[in-house]
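Colleague: One structure, as structure tokens, below. Some questions next.
Every number in this text was worked out from the coordinates using simple rules, so none of it is lab data. As the structure is a prediction and not an experimental result, all values here were calculated from the model. Cβ sites come from the backbone with ideal geometry, for glycine too, and all protein chains shown count toward neighbours.
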Amino acid sequence: MKEFARILLLGGQSIAREQAKLDAKADRLLTIDEAAKLLSVSKMALYRWDKSGYLKKIEIGGKRRYRLSDIEKRVGCKLNPESNVSK
């Protein structure tokens, strides 16, 4: 019984770690340069989209950031910024 409980706990911890990774990716914030490159648009387009409400920015310490999850909603699919954007 102890072994069964240990296996269940380890499995649950593994699932929790994977879910945390997915949640962190969804909440990742991109710089304006990263977002523009990922979407293949100019920074000016991002400014206009923010002003029109199409894609809202987040300001952190006076710097513009865009949620990856918001960009994915606009595009309609999951994106992998690591393949298009250098860190």
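Colleague: By average Cβ neighbour count within 10 Å, what is the ranking of 50-61, 29-40 from highest down?
Modeller: 29-40, 50-61
Colleague: Given the Cα-Cα distance of TYR54 and THR31 and 0.36 nm per residue of separation, how much length would full extension add, in nm?
Modeller: Gain on stretching TYR54 to THR31: 6.6 nm.
Colleague: Now for a separate question. Given R₀ = 25 Å, what would the calculated FRET efficiency be for MET44 paired with SER69, taking r from the Cβ atoms and rounding to 0.05?
Modeller: 0.60
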